1. Going through A:Gln76, A:Gln108, A:Gln104 one at a time, which residue ends up being modelled with pLDDT under 95, in the same structural domain as A:Pro13 (by TED's automatic domain parsing) and out of contact with any strand residue (DSSP E or B) (no Cβ under 7 Å at 6 or more places or on another chain)?
2. Would you mind finding the one in A:Glu247, A:Glu212 that is in the same structural domain as A:Ser59 (by TED's automatic domain parsing) and in contact with a Cys (Cβ under 8 Å, 6 or more places away or on another chain)?
3. Kindly check whether there is at least one residue in the range B:244-252 that is without any contact (Cβ under 8 Å) to a residue 40 or more places away in the chain and part of a loop (DSSP other than H, G, I, E, B).
4. If I filter the range B:264-277 for residues that are closer than 30 Å to B:Arg153 by Cβ, within 22 Å of the chain's Cα centre (by Cα) and not in a helix (DSSP H, G or I), do I get at least one hit?
5. Those residues that are charged (D, E, K, R) and crowded, with 16+ Cβ neighbours inside 10 Å, I need them from the range B:248-284; list them, please.
6. Give me the pairs: first residue in the range A:123-145 and within 30 Å of A:Leu173 (Cα to Cα), second residue among the β-branched types (Val, Ile, Thr) and outside any loop (DSSP other than H, G, I, E, B), beta-carbon distance under 6 Å, and six or more apart or on different chains, which are they?
7. Could you list all residues from the range A:115-137 that are modelled with pLDDT of 95 or more and of a type in the set (S, T, N, Q)?
Protein chains: 2
Amino acid sequence: MTLTILGCNGALPAYGRFPTCQILDVGAEMFLIDCGEGAQIKMQQYKVRSNRVNHVFISHLHGDHFFGLIGWLNSQALLGREKELHIYANEKLKAIIAIQLEWQLPYQIIYHDLVPNESQILLDTDKYEVISFPVMHSVPTHGFRFTVKRNKRMMISDKVRECEVPQYFYKKLTLGFDYEKANGEIIKNEILTTKGKPNLVYAYCADTLYTETIVPYLQNCNLIYHEATYCNDQLDKATARMHSTAEQAANIAKLSNANQLVIGHYSSKYKDISGHLAEANAVFEHVVLAEEGLSIEVK
Amino acid sequence: MTLTILGCNGALPAYGRFPTCQILDVGAEMFLIDCGEGAQIKMQQYKVRSNRVNHVFISHLHGDHFFGLIGWLNSQALLGREKELHIYANEKLKAIIAIQLEWQLPYQIIYHDLVPNESQILLDTDKYEVISFPVMHSVPTHGFRFTVKRNKRMMISDKVRECEVPQYFYKKLTLGFDYEKANGEIIKNEILTTKGKPNLVYAYCADTLYTETIVPYLQNCNLIYHEATYCNDQLDKATARMHSTAEQAANIAKLSNANQLVIGHYSSKYKDISGHLAEANAVFEHVVLAEEGLSIEVK
């Protein structure tokens, strides 16, 4: 699982920093997380094969988080996309997209509405789980938690062959079931499998006032992104505008027992963002500053 | 009058080339001509003081010509703009903007609808004239002609003082009127003024099939921008998609007796655009290739 930052700035692009956009590569495909203006240009620059994106997650409908979506959707069509695309967003997004398209796209968009103030399971497959959770901002806004499932038990092939377990039962083996032979003999799962690996979990906490109500959704993440629009010198402004400071972001990572924290969504007030790092590091050790083109392996 | 190219590419951004956007600096203010995605980012990069823009001209509602407008409008608000802004565009644009704004802008937008297939006088002041004219594309599309008026007669201050022409009559002098003294004596305008300078004219021909119907609007321009999506090797494609080739753009400049031609809106098919230049140059001598950041003094 690899996170790539395509845009790390707050509401106003500044100093070459683009509005919020991230790509999470989960192996078989990519998830697009928010899509600020210029996202498709950044994808080209960093050679992101964005035709591998089948699921788009939009945290909220402030422009710096979605103004780049229409351009990318349109370009996907021009590039001949036929695969359907799932978009998870506030219900208002559908009309915003529809009104801007002069033509019928050659692929289908399937919209999934995020319910304000609720947590939802958005995706749950053999390979991944994605949930939304409410954060606190001036419009309905959600964070997302992405889990790559790796904790299934792994078959010991020699043993599976020796005990003549039929192929149709393999999936049950990975889920921990014992195998019962035709003669009634029970073969314990531990004989046939070994423990899987721990899941990989990334959580994205979009624009939000500092709130510990999100901590239960963030327990033991490998990586958390939390917005850090300001430093503590602007705590009043952060609170008034329903944003967070770097110290607050670090507090959330600490309370959540995360492995690593990445911060971003910097105010255009800050040309130099080294203060954000110092402030967060005083609370939590493993902090990375988001910047365009940065890739972080989630481990 | 200075034209700055902020985006020169066609429908798909490619090779670092952005979608169409231009800034025309006419001295006292700036005109924004089309506004593809990333326009505000390019304005920052090239230090364009875009708060000096009071008039925006959108040729048509294909995304590569307007997807950057909403971001710029929103940022203007965040930067505290209070001055009203005039937008000249297809009537559908108003609803597209309105649906995307979560808040009341602190400035007023005044929309002026471009009537399909008609030429309109959009602005006519002491200093400028702007007209629209229809071009031929798959949706209603307009070109624009911008004139900076400089052809008023210029007063010879010593003579004006000597003949005791009162201040209220100065404007009439610049328009060529003779002055009649209180005693009935007529002082010929030629005694009091000298000839003004020629007007400066820039014409923007957005996405269009080759059509000589536009030539009457383009007579004797100092500078013409004409799209040149393809070279002649793709003439069939150009025609089918209602675009032009570099040679066709040059033909229009020649027929219009222009001083200079700038071409752009390159297809993402072309990484190297030197072929466009060679092809246009074979027909018309004074050709410039549009590229991001290029400024051309219109003279």
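1. A:Gln104
2. Selected residue: A:Glu247, the only one of A:Glu247, A:Glu212 that is in the same structural domain as A:Ser59 (by TED's automatic domain parsing) and in contact with a Cys (Cβ under 8 Å, 6 or more places away or on another chain).
3. Checking the range B:244-252: at least one residue is without any contact (Cβ under 8 Å) to a residue 40 or more places away in the chain and part of a loop (DSSP other than H, G, I, E, B).
4. no
5. Across the range B:248-284, the qualifying residue is only B:Glu279.
6. Cβ pairs passing all conditions: A:Leu123/A:Val130; A:Tyr128/A:Val148; A:Glu129/A:Thr147; A:Ile131/A:Ile121; A:Arg145/A:Ile131.
7. Within the range A:115-137, A:Asn117, A:Ser119, A:Gln120, A:Ser132 qualify.
Residues are listed down the side, and each one gets a yes or a no for (1) over 20 Å from A:Glu29 (Cβ atoms); (2) of a type in the set (Val, Ile, Thr); (3) assigned by TED's automatic domain parsing to the domain that holds A:Ala249; (4) over 17 Å from the mean Cα position of the chain (by Cα):
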| position | (1), (2), (3), (4) |
| --- | --- |
| A:Ile121 | no, yes, yes, no |
| A:Tyr128 | no, no, yes, no |
| A:Phe133 | yes, no, yes, no |
| A:Ser138 | yes, no, yes, yes |
| A:Phe144 | no, no, yes, no |
| A:Cys163 | yes, no, no, yes |
| A:Gln167 | yes, no, no, yes |
| A:Leu173 | yes, no, no, yes |
| A:Phe177 | yes, no, no, yes |
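The values are calculated or read from the model by the stated rules, or taken from the named source; none is laboratory data. Please read all numbers here as calculations on a predicted model, not as lab measurements. Positions of Cβ are backbone-derived with ideal geometry, glycine not excepted, and every protein chain shown enters the neighbour counts.
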